[in-house]
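Beneath this line is the structure, given in structure tokens, with notes to follow.
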Amino acid sequence: MRFFLRAAMAELSAVWRGKRALAMLIALPVCVCLVSVIVPDDVMEPAVPVGWSMSDGCETGRELLEHLRETAGGVEFFETDEETLRRKVASGEWECGFVLREDFDERVAAGRYGRLFTLVSGEGSTMQGLVSEAVSAAMLAVVAPQIGSDYLESVGAVPPEGGWELEPGSRLEIEPASGEPAGSYVSSGISRSLLRGCAAVLLTVSAVSFGDELARRRREGYFRRIAAVRGEASALLPALAVRFALSFAAAAAALAAAGIWEPGLVAALCFALTAFAAVLSVFPDGWSAAVLPFLPAAMLVLCPVLFDVSEFMPALGRAGSLLAATHYLRGDVLPLVMQGCVFLAAAWLLDRCFKKI
């Protein structure tokens, strides 16, 4: 324990004397504070205006509209008559509109789900496809209890007394075949998304820089003597622990000052990135100067900071899902912890392989 504390104090002194490491730690809270000042928290993504027209007394249509208003984030539905709907869509004031059939309730009750409404779109409409998908998903959720009852009756299941009665709030849960959560991961607030993305990018840049620095220090005589006496793990652990603690403290404090309190998620990200730095330290040093200038721009594209690239280029989206910052922005703690454990195991295996060479 005494050796660990002395080694940790030596690492703190190295951070204080080193220009690059200290600059990285200072840049994190400074950048987060600048983003929080430049982009206020109350700046939200504008809602997409969509018209909605249905006949009086359309109970299922009313239920569908209420469900859409609760679940379709980023879309605002305006109930009006068909003439006003078509006029506002044609003028470009509304993105698109939905006109429900007069016999909407009767068709739904009879299980005829085709051509239930008419989509009205303008010439400059760009979001109508996504809005249509949201309306279709909401329609499926609303009629799910009836579909379930019809299916049970069709397979000959004996209904209980009074017939099948599913709860009105019954919903179908749909998962994509890939097992990844569906939808965009863009935060509801622009400021929150940028703050978390800025912290993740800077932490990744700091980890890459630390990995290169640690690779240089591992080839120095001081480190080699300690490793020969106490082992590689004893020589590396104090440096990794100190960098983990400093990164976590800087990121958690900066985000907490901006109103984002997620210490568990930040700790998981710092653990994964510190383990990644241990992997980088196995390789020869001196390469970070060529990588660091391009790393932030690449992460802004691959990670869902400003937008989710998987919606436009699935191949890049799959590549971005390998990055720890992507899991952090999606709020996935377990993949970050697993990724950190994999990195530590990889660092140990690579170190043994290089020794044999």
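Could you list, ordered by first residue, the pairs with Cβ atoms under 8 Å in which the first is in region 320-334 and touching a residue at least 60 places away in the same chain (Cβ under 8 Å) and the second is of a type in the set (Lys, Arg) and open to solvent by less than 30 Å² (accessible area, probe 1.4 Å), at least 6 apart or interchain?
328/196; 329/196
Among the residues of region 25-41 satisfying the criterion of being assigned to a helix (DSSP H, G or I) and touching a Leu at 6+ places or on another chain (Cβ under 7 Å), which is nearest to residue 230 (Cα to Cα)?
Per the criteria, the residue is 25.
I'd like to know if region 264-284 contains one or more residues that are out of contact with any Leu (no Cβ under 7 Å at 6 or more places or on another chain), modelled with pLDDT under 90 and farther than 20 Å from residue 194 by Cα.
Scanning region 264-284 turns up at least one residue that is out of contact with any Leu (no Cβ under 7 Å at 6 or more places or on another chain), modelled with pLDDT under 90 and farther than 20 Å from residue 194 by Cα.
Within region 91-120, work out how many residues are open to solvent by less than 70 Å² (accessible area, probe 1.4 Å), part of a loop (DSSP other than H, G, I, E, B) and not aliphatic (A, V, I, L, M).
The number of residues fulfilling the criteria is 6.
Filter region 289-312 down to the residues that are within 22 Å of residue 342 (Cβ to Cβ) and either of a type in the set (Lys, Arg) or more than 17 Å from the chain's Cα centre (by Cα) (or both) and list them by number.
Listed by number, the residues that qualify are 291, 295.
Taking residue 284 as meeting all but one of (1) in contact with a Gly (Cβ under 7 Å, 6 or more places away or on another chain); (2) open to solvent by 10 Å² or more (accessible area, probe 1.4 Å); (3) not in a helix (DSSP H, G or I), write down the number of the exception.
Condition (1) is where residue 284 drops out.
Does residue 252 satisfy the criteria of being touching a residue at least 60 places away in the same chain (Cβ under 8 Å), in contact with a helix residue (DSSP H, G or I) (Cβ under 7 Å, 6 or more places away or on another chain), assigned to a helix (DSSP H, G or I) and not hydroxyl-bearing (Ser, Thr, Tyr)?
No; evaluated as a whole, the condition is false for this residue.
If I filter region 212-219 for residues that are within 21 Å of residue 26 (Cβ to Cβ) and either free of Cβ contacts under 8 Å to residues at least 60 places away in the same chain or open to solvent by 70 Å² or more (accessible area, probe 1.4 Å) (or both), do I get at least one hit?
Taking every residue of region 212-219 in turn, none turns out to be within 21 Å of residue 26 (Cβ to Cβ) and either free of Cβ contacts under 8 Å to residues at least 60 places away in the same chain or open to solvent by 70 Å² or more (accessible area, probe 1.4 Å) (or both).
For residue 15, are the conditions met, namely being within 22 Å of residue 253 (Cβ to Cβ), among the aliphatic types (A, V, I, L, M), modelled with pLDDT under 75 and assigned to a helix (DSSP H, G or I)?
no
Would you call residue 82 of a type outside the set (Gly, Ala, Ser) and open to solvent by 50 Å² or more (accessible area, probe 1.4 Å)?
yes
Going by the conditions given, is residue 60 within 16 Å of residue 143 (Cβ to Cβ) and at pLDDT 85 or above?
When the stated conditions are applied, residue 60 passes them.
Filter region 313-328 down to the residues that are in a helix (DSSP H, G or I) and either over 10 Å from the mean Cα position of the chain (by Cα) or surrounded by fewer than 21 Cβ atoms within 10 Å (Cβ to Cβ) (or both) and list them by number.
314, 315, 316, 317, 318, 319, 320, 324
The values are calculated or read from the model by the stated rules, or taken from the named source; none is laboratory data. Everything numeric here is computed off the predicted structure, so don't read it as measured data. Glycine also receives a Cβ, built like all others from the backbone with ideal geometry; neighbour counts cover every protein chain displayed. Side chains included, ligands, DNA and RNA excluded: accessible areas come from the protein's heavy atoms. Shrake-Rupley method; radii C 1.70, N 1.55, O 1.52, S 1.80 Å.
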